[in-house]
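Comments concern the structure below.
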Amino acid sequence: MQFSDKIYVAGHRGLVGSALMRRLEKGGYSNIVTRTHAELDLKDQRAVTEFFAQEKPDHVFLAAAKVGGIVANNTYPADFIYQNLMIQSNVIHAAYSNEVKKLLFLGSSCIYPKFAPQPMKEEHLLTGVLEPTNEPYAVAKIAGIKMCGAYNRQYDTNFMSVMPTNLYGLGDNYDLQNSHVMPALIRKMHEAKIRGDAQVSVWGSGTPRREFLYGDDMADACVFLMENRNANDTGEFVNIGVGEDITIRELAERVAKVVGFHGELVFDSSKPDGTPQKLLDVTHLNKLGWRAKTAMDEGIGKAYQDFMRRYGA
Ligand code: GFB
């Protein structure tokens, strides 16, 4: 990726997309093209085709997606499969048609089977049944990986796919129903502290294990791969994670400490647990030359500061 190259960041206002913008600008890239959702609906094939023909980007970060936590996935399965299939199909095909030099497609660690061996290696894809709460989303993301691979095979394109673990950080979604666990806990604990509540409700049993990667680390990994690696080096796709996980109970305790909530955690068994464990094997990524840098407590602290800046009372 050259400094003069035109880079399209699809989804530049999202958690990963906004981190990509910060990382690219810091890295000296200035020829970046973006469109808001209102300006360009990525589900609209004609609009995407016109946009690519007009802008002719050299590099594409495909970070636009319909995303959400466990309950959002479970409540809006049609939206998750339809929107993601449309967005990624339109962008990947337009990237091929317009001779984009390199594209990076962002997936998710939920592509792996519900009971995949842990830590999950890239080779575990499609070796078992998926977790039902997010199966439609996972199927869309698997289609994205396979689409990039198919275009590389048939058309000799250079489309890479990366599968991040659970992400958190600046610009996250703090909606109490639809968000992921980290932002939900930050908000719940902050509000409980302000109100002086004695308890905070944590969904599920608290026993599922999850791995958390800071959004700016994720962006750094994506730019590293775009700058230094090609689809031939990455294989079908690469996991992006930290290589360590914790239980949801441990996560809640850590967030409570950072936020300063000293009350009790109450586990709500009416809410789903989802996959029992999601830990990525990051050997492949480490061999390609990248590892995560942000310690979890530091990352939670920065996310909390960002929450306070945006919503704080
Ligand atoms: O982050 P999360 O919604 O997604 O939930 P998944 C992780 C775990 O945290 C689950 C528990 O066991 C939840 O029950 N949890 C506890 C909470 N309290 C809360 C809360 O207040 N809010 C939320 N949201 N969870 C998603 C997938 O799975 O992960 C997506 O549905 C995507 O497809 C994403 O892959 C990264 O890790 O279970």
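Taken together, the values in this text are just the output of simple stated rules run on the coordinates, not laboratory data. Note that this is a predicted model, so its numbers are computed, not measured. Backbone-built Cβ (ideal geometry, glycine too); neighbour counts: all protein chains shown.
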Handout entry: Rounded to the nearest 20 debye, dipole of the chain from Cβ charges on Lys, Arg, Asp, Glu
Key = 240 debye
Exercise for the section: Under 1.5 on a/c is rounded, so check that first for segment 256-305, then, if it is not, pick prolate when a/b is larger than b/c and oblate when it is not; a ≥ b ≥ c are the square roots of the alpha carbon gyration tensor eigenvalues. Expected result: oblate
Completion exercise
In debye to the nearest 20, the charge dipole size for segment 216-313, taken about the Cα centre with +1 at each Lys and Arg Cβ and -1 at each Asp and Glu Cβ, equals 200 debye
Practice task
Sort TYR155, TYR82 so that the residue with the fewest other Cβ atoms within 10 Å of its own Cβ comes first and the one with the most comes last.
Solution key: TYR155, TYR82
Problem - Proximal lysines relative to LYS146, as straight alpha-carbon distance under 21 Å, when same-chain residues fewer than 8 apart are discounted - result: LYS43, LYS66, LYS101, LYS102, LYS114, LYS121
Handout entry: Derived scalar couplings ³J(HN,Hα) [segment 115-132; Karplus, 6.51 cos²θ - 1.76 cosθ + 1.60; whole Hz; x for Gly, Pro]
Key = 10, 5, x, 10, x, 7, 9, 3, 6, 7, 4, 6, 10, x, 6, 8, 6, x
Fill in the blank from the handout: When LYS257, LYS102 are ranked with the fewest other C-beta atoms within 10 Å first, the list becomes LYS257, LYS102
Handout entry: Furthest towards positive pole of dipole, TYR174, PHE237, GLY260, structure part the chain, Cβ charges
Key = GLY260
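Given R₀ = 35 Å, what would the calculated FRET efficiency be for ARG309 paired with LEU40, taking r from the Cβ atoms and rounding to 0.05?
Efficiency computed from Cβ-Cβ geometry: 0.80.
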Fill in the blank from the handout: The farthest towards the positive end of the charge dipole of the chain, of the residues GLY14, TRP203, SER30, given +1 on Cβ of Lys and Arg and -1 on Cβ of Asp and Glu, is SER30
